[in-house]
Amino acid sequence: MDTNIPKELPKLDIPEDWIVGKDISREILNMYTNFPCRLKAGIFVLCMGGEIEALIDTTNYRVKANDFVTILPGSILQILKVTGELNIYFLGYSSQFIIETNVIKATVDIFYTIKTSPVIPLKDEVAQIIREHLDLLAKTYLTFYGKISKEVTKHMLLTLVYGLGDLYKDIRTKKTVLGKSEQIAHDFTQLVMRHYNQERNVAFYAEKLGITQAHLSTTIRQVTGKTCLEIIASMVIMDAKAQLKSTEASVQSIAYSLNFTNMSFFGKYFKRHVGISPQEYRNN
């Protein structure tokens with residue numbers, strides 16, 4: 001077995017501590033439509049015009065004018081469609097910088113809210129304030145980048161993070177406590193995100209959750225409208241597609257990275273869900 005096989009989705013990071021701007025074009029976004037990737041960086045996006053349809057952690061979102069998007073490190077992203085005249089502001093921080101500033105600790109209070117609601121609509125006046133803030137950061141970046149100390153950059157990031165706390169406060173207070181079924185569905189999805197490349201057996205997840213397989217299957221069907229196997233498969237196939245399109249790993253290596261015992265089994269599994277073989281998907 002190849003010991004250098006990729007174990008997870010291709011990762012997208014930022015080579016600098018931070019980057020900011022408003023020059024994301026349709027062409028740039030279209031580069032990320034062919035396959036999903038897992039972000040190592042933290043990304044903030046303000047949409048002031050046009051629309052973007054995207055998958056964030058397998059959930060479909062339509063981002064439109066006055067929407068603010070927070071994509072946390074570790075999230076899976078794929079752009080599906082871009083329409084209209086785009087006017088996009090963005091701010092990104094590298095995974096290394098996020099670790100160094102311990103920003104995760106600062107987001108603990110709102111982490112779950114962001115994870116479940118990464119796209120939030122803003123009032124016009126709030127969107128304008130954030131746009132002006134990002135404009136100022138862009139001017140700062142172009143004028144002083146490389147001359148600003150890490151400590152100043154850290155406080156710039158934390159100011160944004162704490163500001164997010166206020167943005168998400170209303171969402172958090174309006175959300176009711178998850179019912180038992182919704183909590184099971186949430187916990188199951190989180191487990192699948194962590195274990196899909198090793199476990200496709202529903203019994204494994206039921207045992208982890210401390211409930212019967214029948215109870216888990218019924219609950220997931222009621223809450224999501226999908227079966228447990230469909231949710232697991234969506235993650236497996238997303239990972240497989242990403243590796244096929246963005247790496248030069250052999251089909252056999254990809255099969256092993258997703259814990260398939262042989263390439264034939266992987267090929268049949270992939271074709272059942274996608275309609276074509278892994279090699280055909282790569283060639284297309």
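The values are calculated or read from the model by the stated rules, or taken from the named source; none is laboratory data. Just so we're clear, the structure is a prediction, and the values are computed from it rather than from any experiment. No Cβ is skipped: glycine too gets one built from the backbone with ideal geometry, and neighbour counts run over all protein chains shown. For the accessible areas, the whole protein counts, side chains as well, though only heavy atoms, and no ligand, DNA or RNA atoms are used. Shrake-Rupley method; radii C 1.70, N 1.55, O 1.52, S 1.80 Å.
Annotations
- Which numbered condition Met238 fails, given (1) surrounded by fewer than 16 Cβ atoms within 10 Å (Cβ to Cβ); (2) of a type outside the set (Gly, Ala, Ser); (3) in contact with a strand residue (DSSP E or B) (Cβ under 9 Å, 6 or more places away or on another chain): (1)
Condition check ((1) more than 30 Å from Glu151 (Cβ to Cβ); (2) aromatic (Phe, Trp, Tyr)) across all residues:
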| residue | (1), (2) |
| --- | --- |
| Cys47 | yes, no |
| Thr58 | yes, no |
| Arg62 | yes, no |
| Val82 | yes, no |
| Leu86 | yes, no |
| Tyr89 | no, yes |
| Gly92 | no, no |
| Gln96 | no, no |
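- When Thr176 is tested against (1) in contact with a helix residue (DSSP H, G or I) (Cβ under 8 Å, 6 or more places away or on another chain); (2) closer than 30 Å to Leu229 by Cα; (3) at pLDDT below 75, only condition (1) is not met.
- Members of segment 245-277 found to be under 23 Å from Asp57 (Cβ atoms) and part of a helix (DSSP H, G or I), listed by number: Lys245, Ser246, Ile254, Ser257, Tyr269, Phe270, His273, Val274
- Restricting attention to segment 110-130 and to residues that are open to solvent by less than 60 Å² (accessible area, probe 1.4 Å) and more than 25 Å from Gly74 (Cβ to Cβ), the residue that is modelled with the highest pLDDT turns out to be Ala127.
- With respect to being in contact with a helix residue (DSSP H, G or I) (Cβ under 7 Å, 6 or more places away or on another chain) and either of a type in the set (A, V, I, L, M, F, W, C) or part of a helix (DSSP H, G or I) (or both), Ala242 falls outside the description.
- When restricted to residues that are open to solvent by 50 Å² or more (accessible area, probe 1.4 Å) and part of a helix (DSSP H, G or I), segment 210-235 contains 10.
- When residues of segment 16-59 are limited to those that are in a strand (DSSP E or B), at pLDDT below 90 and out of contact with any Phe, Trp or Tyr (no Cβ under 8 Å at 6 or more places or on another chain), the one farthest from Leu77 (Cα to Cα): Thr59
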